[in-house]
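Bear in mind these aren't lab numbers, they're just calculated from the coordinates by the rules spelled out. Just so it is clear, the model here is predicted, and its values are computed rather than measured. Ideal geometry is used to build each Cβ from the backbone, glycine not excepted, and the neighbour counts take in all protein chains shown.
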């Protein structure tokens with residue numbers, strides 16, 4: 001079975017440009033999470049969805065960040081305009097309610113570099 | 001809010017030796033999860049502990065949940081090069097939102 005799929009795997013852009021990161025969760029999973037990982041701040045939860053509805057976006061750093069989940073198999077995280085301090089690895093993870101462990105399955109991540 | 005702290009931040013281990021990494025929470029946890037992230041990889045779920053005092057083993061890895069459910073530990077015996085990576089503990093903020101510790105990054109000397 002395919003795991004969580006993220007694209008692109010690497011993104012290099014210039015400051016001020018719009019960046020869109022994409023995620024396809026594991027089929028049947030009803031929770032989707034977006035994380036950002038940096039050396040300085042570690043693994044931070046940005047936002048999570050339940051059944052395509054955003055539940056908690058308190059981790060979204062500022063208005064430049066937005067996330068959507070138009071259907072159960074697709075989510076996007078958009079940064080507009082991007083800034084150098086947004087450079088990080090962005091992970092998408094999904095989870096299944098009712099699973100014994102509520103474990104989160106992480107995608108391979110998108111390494112974003114903003115110049 | 002609830003925070004999960006991990007020590008040590010870095011662990012340099014001679015191949016074949018044992019080591020332990022610790023996780024402490026400021027509040028009582030309903031459960032705790034452990035993840036491993038290989039260099040350049042993504043976090044991968046290892047285990048969840050739920051019961052007070054619970055101990056679970058996975059081959060050379062032993063996970064323990066404290067009696068007060070505010071701390072946990074991961075002990076690795078006879079460390080191998082395949083154990084290299086960062087080990088995270090994570091405690092639930094609510095049913096589905098996790099707070100991850102900063103991780104313990106393990107390097108192994110052959």
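Would you pick out the residues in the range A:33-71 that are outside any strand (DSSP E or B) and buried (at least 17 other Cβ atoms within 10 Å of the Cβ)?
Once the filter is applied, which keeps residues that are outside any strand (DSSP E or B) and buried (at least 17 other Cβ atoms within 10 Å of the Cβ), the range A:33-71 yields only A:60.
Could you tell me which numbered condition residue B:81 fails, if it satisfies all but one of (1) touching a residue at least 24 places away in the same chain (Cβ under 8 Å); (2) within 14 Å of chain A (Cβ to nearest Cβ)?
Against the list (1) touching a residue at least 24 places away in the same chain (Cβ under 8 Å); (2) within 14 Å of chain A (Cβ to nearest Cβ), residue B:81 comes up short only on (2).
Looking only at strands (runs of 3 or more DSSP E) that lie completely in the range B:67-106, which have at least 3 residues being within 16 Å of residue B:19 (Cβ to Cβ) and within 13 Å of the chain's Cα centre (by Cα)?
Of the strands (runs of 3 or more DSSP E) lying wholly inside the range B:67-106, those with at least 3 residues that are within 16 Å of residue B:19 (Cβ to Cβ) and within 13 Å of the chain's Cα centre (by Cα) span B:71-76, B:85-92.
Considering only residues that are outside any loop (DSSP other than H, G, I, E, B) and either buried (at least 18 other Cβ atoms within 10 Å of the Cβ) or within 13 Å of another protein chain (Cβ to nearest Cβ) (or both), which ones fall in the range B:18-31?
Result: B:19, B:21, B:22, B:23, B:25.
Is one or more of the residues making up the range A:62-74 away from chain B (no Cβ under 11 Å) and in contact with a helix residue (DSSP H, G or I) (Cβ under 6 Å, 6 or more places away or on another chain)?
From the range A:62-74, those away from chain B (no Cβ under 11 Å) are A:62-74; that's our starting set.
When the remaining residues are screened for being in contact with a helix residue (DSSP H, G or I) (Cβ under 6 Å, 6 or more places away or on another chain), the result is none.
Within the range A:62-74 (the criterion being away from chain B (no Cβ under 11 Å) and in contact with a helix residue (DSSP H, G or I) (Cβ under 6 Å, 6 or more places away or on another chain)), the answer is no, since none of the residues qualifies.
Looking at the range B:32-55, can you tell me whether even one residue there is more than 14 Å from chain A (Cβ to nearest Cβ) and either in a strand (DSSP E or B) or within 29 Å of residue A:107 (Cβ to Cβ) (or both)?
The answer is yes; a qualifying residue exists.
So which of A:30, A:56 is free of Cβ contacts under 8 Å to residues at least 24 places away in the same chain and within 10 Å of chain B (Cβ to nearest Cβ)?
A:56
I want to confirm something. Restricting to the range A:75-114 and keeping residues that are out of contact with any strand residue (DSSP E or B) (no Cβ under 7 Å at 6 or more places or on another chain) and away from chain B (no Cβ under 14 Å), which single residue is nearest to residue A:31 (Cα to Cα)?
Among those residues, the one meeting the criterion is A:80.
Could you tell me whether residue A:15 is part of a loop (DSSP other than H, G, I, E, B) and in contact with a helix residue (DSSP H, G or I) (Cβ under 8 Å, 6 or more places away or on another chain)? Steps first, please.
On the way: part of a loop (DSSP other than H, G, I, E, B): yes; in contact with a helix residue (DSSP H, G or I) (Cβ under 8 Å, 6 or more places away or on another chain): yes.
Considered against the rule, which asks whether it is part of a loop (DSSP other than H, G, I, E, B) and in contact with a helix residue (DSSP H, G or I) (Cβ under 8 Å, 6 or more places away or on another chain), residue A:15 comes out as yes.
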